[in-house]
Amino acid sequence: MIDASTLLLFTGACLALAMTPGPDMLLIASRSLSQGQGAGFASLAGIQLGTYCHALAAALGLSQLFVSVPLAYDALRLAGAAYLLYLAWKTLRSGSNLQLSAGLQTIPASRIFQQGLLTNILNPKMALFVLALFPQFIDPRAGSVVGQMLVLATILNAIGLVVNGTVIAVVSRMKRRFLRQRFSARWPNYLLSSVFAGLACKLIFDSRK
């Protein structure tokens with residue numbers, strides 16, 4: 001079992017990281033603003049399940065593949081970018097006849113969850129992040145490495161739930177203000193499509209550093 005001082009140090013690191021705006025927070029915030037609080041939490045749940053997948057991959061040595069085989073890293077990076085561009089295109093084309101009050105809320109929460117999960121899994125940056133951070137707090141003598149990895153992932157997700165949950169609540173209130181104004185009924189589509197396209201470009205042009 002991981003000792004308390006190590007868990008406290010890891011918790012502090014996770015809190016600092018969670019409060020730093022990044023792609024996940026941007027995606028969750030845009031989902032909440034365009035589709036409401038439920039969509040924001042569905043997207044967050046998918047992203048957090050992806051974190052567990054990356055933690056298991058790191059524990060089993062699969063994430064090390066991206067370090068030793070650059071082609072594998074690039075293949076996953078481009079696959080993730082292609083998926084995000086597909087989501088951007090699909091979002092832009094959908095809901096042309098929706099009313100502003102409905103926005104994109106016709107999209108099932110299960111689909112939003114799946115999109116959040118795939119977006120996280122197909123991001124090799126997340127795999128390298130887990131591979132770089134988690135092992136620093138793992139002690140092979142303290143028991144199962146897989147178990148320790150899952151404990152750390154749970155702490156990271158719990159902190160992310162608090163931080164991003166606050167973001168979702170705040171942004172969802174902003175959505176109500178937007179609904180009182182006379183905006184185009186397609187503004188949710190434009191917003192979310194732009195976020196997907198921006199994240200895709202970030203994946204395409206980012207180096208692994």
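Within segment 173-209, the set of residues being of a type in the set (Ser, Thr, Tyr) and modelled with pLDDT under 80 comprises SER184, TYR190, SER207. Restricting segment 133-144 to residues that are free of Cβ contacts under 8 Å to residues at least 40 places away in the same chain and in a helix (DSSP H, G or I), the residue that is farthest from the chain's Cα centre (by Cα) is ARG141. Only one of the numbered conditions (1) outside any helix (DSSP H, G or I); (2) within 17 Å of SER110 (Cβ to Cβ) is violated by PHE41, and that is (1).
The residues of segment 14-31 that are surrounded by fewer than 17 Cβ atoms within 10 Å (Cβ to Cβ) and in a helix (DSSP H, G or I), listed by number, are LEU15, ALA16, LEU17, LEU26. Does LEU131 fit the bill of being in contact with a Phe, Trp or Tyr (Cβ under 6 Å, 6 or more places away or on another chain), buried (at least 17 other Cβ atoms within 10 Å of the Cβ) and at pLDDT below 95? Judged against the criteria, LEU131 is not a match.
Among the residues of segment 145-153, is there at least one that is touching a Ser or Thr at 6+ places or on another chain (Cβ under 7 Å), more than 24 Å from GLY36 (Cα to Cα), part of a helix (DSSP H, G or I) and at pLDDT 85 or above? Checking segment 145-153: at least one residue is touching a Ser or Thr at 6+ places or on another chain (Cβ under 7 Å), more than 24 Å from GLY36 (Cα to Cα), part of a helix (DSSP H, G or I) and at pLDDT 85 or above.
Of all the numbered requirements in (1) surrounded by fewer than 21 Cβ atoms within 10 Å (Cβ to Cβ); (2) modelled with pLDDT under 85; (3) under 18 Å from GLN114 (Cβ atoms), MET1 misses one, and that requirement is (3). Being at pLDDT below 85, in a helix (DSSP H, G or I) and not hydrophobic (A, V, I, L, M, F, W, C) is a property that holds for THR91.
Can THR6 be described as hydroxyl-bearing (Ser, Thr, Tyr), over 24 Å from ALA200 (Cα atoms) and either in contact (Cβ under 8 Å) with a residue 12 or more places away in the chain or outside any helix (DSSP H, G or I) (or both)? Judged against the criteria, THR6 is a match. The C-beta contact set for segment 117-132 (first residue in contact (Cβ under 8 Å) with a residue 24 or more places away in the chain, second residue β-branched (Val, Ile, Thr), distance under 7 angstrom, 6+ apart or interchain) comprises ASN120/ILE47; ASN120/THR51.
Being crowded, with 18+ Cβ neighbours inside 10 Å, at pLDDT 90 or above and closer than 22 Å to LEU17 by Cα is true of GLY160.
The values are calculated or read from the model by the stated rules, or taken from the named source; none is laboratory data. It should be emphasised that the depicted structure is a prediction, and the values quoted were computed from it without experimental measurement. Positions of Cβ are generated from backbone atoms using ideal geometry, with glycine treated the same way; all protein chains shown enter the neighbour counts.
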